[in-house]
Amino acid sequence: MLGAALAGSALLVSVDRSISDQMRRSLLHDNAAVRAAMDGGRVFGDPVVIVAGAGLWALGELRANRTQRLVGMRSVEAIVASGIVTGAIKGLVGRSRPSTSPANPRDFGLARGIRSGSEFQSFPSGHATAAFAFASAVDAEWGRLSPSRSGWVAPVLYGLATLTATSRVFHNRHWASDVLMGSAIGLVTGQAVVRWHADCR
């Protein structure tokens with residue numbers, strides 16, 4: 001999965017600028033409802049997912065509800081683990097954001113993300129990583145613990161995660177290839193966390 005996402009991201013680099021330009025020129029960019037939805041997507045990726053995960057965990061502890069507790073716990077673990085992976089890659093790859101280098105999506109610099117800060121930490125997207133880590137962990141753990149009640153989880157959470165990923169390109173904070181890779185890291189990490197705990201039982 002990650003290999004396919006990396007290959008897809010590499011291919012997307014060649015059209016990143018075109019996608020970014022089209023997004024900014026689109027009539028939808030000035031539509032108030034679309035902008036509100038995209039703002040909501042950005043907020044879902046940070047801070048909503050970590051607050052929701054921690055809140056589910058705490059609520060599960062208070063109510064002695066095992067499903068809520070474990071779903072919240074796994075989602076927080078997935079967000080933290082995937083965030084560590086994404087943060088390390090951001091620092092090492094040192095890709096400039098489209099708002100910093102709009103004409104050059106191939107502007108990478110080894111370890112520049114560590115030296116030069118946030119404007120050179122575009123690849124991969126942290127918001128997309130967190131949103132998909134939360135969605136995949138909640139979907140996998142809830143489906144494992146309570147399959148009869150989890151039918152709505154995947155479409156709602158993956159829909160919100162996709163909105164988050166799209167919002168990062170819409171707001172000119174990431175290239176399309178950034179959000180593809182970030183989404184894949186989050187998705188794989190969320191599933192891996194749940195699978196690892198299930199295998200350890």
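Contact map, the stretch 66-95: first residue at positive phi, second residue in a helix (DSSP H, G or I) and surrounded by fewer than 19 Cβ atoms within 10 Å (Cβ to Cβ), Cβ cut-off under 9 Å, separation 6 or more or different chains; pairs are Gly94/Ile114; Gly94/Arg115; Gly94/Ser116.
Just one of the listed residues (Ser167, Ser101) is under 18 Å from the mean Cα position of the chain (by Cα) and of a type in the set (S, T, N, Q), and it is Ser167. For the stretch 1-48, filtering for residues that are assigned to a loop (DSSP other than H, G, I, E, B) and either in contact with a Ser or Thr (Cβ under 7 Å, 6 or more places away or on another chain) or of a type outside the set (A, V, I, L, M) (or both) leaves 2. Residues in the stretch 145-181 that are surrounded by fewer than 23 Cβ atoms within 10 Å (Cβ to Cβ) and not in a helix (DSSP H, G or I): Ser146, Ser150, Gly151, Trp152, His171, Asn172, Arg173. Evaluating Leu6 against the criteria (1) modelled with pLDDT under 90; (2) surrounded by 12 or more Cβ atoms within 10 Å (Cβ to Cβ); (3) over 21 Å from the mean Cα position of the chain (by Cα) leaves one unmet condition, (3). Of all residues in the stretch 80-101, those satisfying the criterion of being small (Gly, Ala, Ser) and either in contact with a strand residue (DSSP E or B) (Cβ under 7 Å, 6 or more places away or on another chain) or outside any helix (DSSP H, G or I) (or both) are Gly94, Ser96, Ser99, Ser101.
For the stretch 97-125, filtering for residues that are farther than 19 Å from Ala165 by Cβ and hydroxyl-bearing (Ser, Thr, Tyr) leaves 3. When the stretch 68-122 is filtered for residues that are over 18 Å from Gly45 (Cα atoms), hydroxyl-bearing (Ser, Thr, Tyr) and crowded, with 23+ Cβ neighbours inside 10 Å, only Ser96 remains.
Matching residues to (1) part of a helix (DSSP H, G or I); (2) under 15 Å from Val71 (Cα atoms); (3) modelled with pLDDT of 95 or more:
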site	(1), (2), (3)
Ala103	no, no, no
Arg115	yes, no, no
Gly143	yes, yes, no
Ile185	yes, no, yes
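Scanning the stretch 117-133 for any residue that is charged (D, E, K, R), modelled with pLDDT of 95 or more and either more than 13 Å from the chain's Cα centre (by Cα) or within 27 Å of Met23 (Cα to Cα) (or both) turns up at least one such residue. Number of residues in the stretch 152-161 that are under 16 Å from Met38 (Cα atoms) and in contact (Cβ under 8 Å) with a residue 12 or more places away in the chain equals 4. Pairing each residue of the stretch 165-176 that is closer than 16 Å to Arg17 by Cβ and of a type in the set (Lys, Arg) with any residue that is assigned to a helix (DSSP H, G or I) and modelled with pLDDT of 95 or more, provided the two are 6+ apart or on different chains, yields C-beta distances under 7 Å for Arg168/His127; Arg168/Ala128; Arg168/Val179.
The values are calculated or read from the model by the stated rules, or taken from the named source; none is laboratory data. As the structure is a prediction and not an experimental result, all values here were calculated from the model. Note that each Cβ is placed from the backbone with ideal geometry, even for glycine, and that neighbours are counted across all protein chains shown.
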